[in-house]
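No value in this document is a laboratory result; all are computed from the given coordinates. Remember, predicted model here, so these are calculated numbers, not experimental data. Heads up, the Cβs are rebuilt from the backbone with ideal geometry, glycines too, and the neighbour counts pull from every protein chain shown.
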């Protein structure tokens, strides 16, 4: 089984983004199945999204960045950051870091 983790960094502050609500869904055509939901820890990490692992397929990782910025009184353009990925067969782990600021976000496949 494959695991998926994320690490969210607030590049506008140069700090990890703690207490961001993140959740993972499996996408099958028009069907969406929530796998798990959690909050990022003090280091901005979410390592328990896939406690039982996942199979190959299409997944979406959501981060509620609108609430994160609102909690500190900052405006943002985006309510959600969405990472839509295809998980391949035979891969043990996917780490999907998210770099964010109030008016942009980016992601990449980490290690």
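Tabulated values for the structure
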{"quantity": "Peptides ranked, highest mean first, by Cβ atoms within 10 Å: ranges 103-111, 78-86", "calculated": "78-86, 103-111"}
{"quantity": "Relative exposure of 7, 93, judged by other C-beta atoms within 10 Å (fewest first)", "calculated": "93, 7"}
{"quantity": "Chain lengthening between residue 111 and residue 52 when straightened (0.36 nm per residue, less Cα-Cα)", "calculated": "19.3 nm"}
{"quantity": "Inter-label distance, nm, simple model (7 Å from Cα along the C-beta direction), residue 42/residue 79", "calculated": "3.3"}
{"quantity": "Mean Cα-pair separation over length for the stretch 1-47, i.e. relative contact order, pairs under 8 Å, 6 or more apart, %", "calculated": "43"}
{"quantity": "Relative contact order [Cα under 8 Å, 6+ residues apart], the stretch 23-95, whole percent", "calculated": "29"}
{"quantity": "Percent of beta bridges antiparallel (DSSP, the chain, rounded to nearest 5)", "calculated": "85"}
{"quantity": "Spacing of the two label points (7 Å from each Cα toward its C-beta) at residue 104 and residue 18, in nm", "calculated": "2.7"}
